[in-house]
Amino acid sequence: MSCKGRILVVDDEPRNILLLSTHLSRLGYEVLEATSGEQALEFARGVHLDAILSDIMMPGIDGFELTRRLKADPLAAGVPVVLITALDDVEHRTRGVEAGADDFLGRPVSHAELELRVRAQVRLRQLQYEL
């Protein structure tokens, strides 16, 4: 199976990373893993990424701040960011949109929804390159 794209999964909980990484790998994506917002920023500046899936609630740089910094960085601004959270209220989604998030996934993550949202974001990223 050829690689469908490179995805960075960011979460401070190793179990969450394992669940997402395993499923995305089975779908044919190359998956990179970061356990902090700081580590995610390093990846985004040094490696081509097609999408970033990030937890919101993390110590240090949380998902909102990570998204803000990514969207302000010319090297990473075009990479779609999907925020993952158990927080399903309007306030958190609004904060995510204000930070520049491209999409959201709620916890527990549905494998079908994960596949659809990642595929859509990766396709948009690939279309950017074609233009």
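The values are calculated or read from the model by the stated rules, or taken from the named source; none is laboratory data. Note that the structure is predicted; figures quoted are calculated from it, not measured. Accessible surface is based on the protein model in full, side chains and every heavy atom, while ligands, DNA and RNA are left aside. Shrake-Rupley method; radii C 1.70, N 1.55, O 1.52, S 1.80 Å.
Descriptive notes on the structure:
- Inter-part distance where the stretch 1-44 and the stretch 58-130 are each reduced to a Cα centre, Å: 13
- Residue 115 contributes about 60 Å² of solvent-accessible surface, heavy atoms of the protein only, 1.4 Å probe.
- Rule-of-thumb Rg ratio for the stretch 27-66 [Cα; 2.2 N^0.38 Å; N residues]: 1.16
- Using the 1.4 Å probe convention, the accessible area of the chain works out to 52 Å² per residue with neighbouring protein chains retained.
- Most fluctuating residue given options 36, 110, 54, as computed from a GNM of the chain linking Cα atoms under 10 Å: 110
- Remark: the stretch 45-99 projects, on average over all directions, an area of 3.8 nm² (convex hull of Cα atoms).
- Taken along its principal axes, the alpha carbon cloud of the chain reaches lengths of 38, 31, 25 Å, longest axis first.
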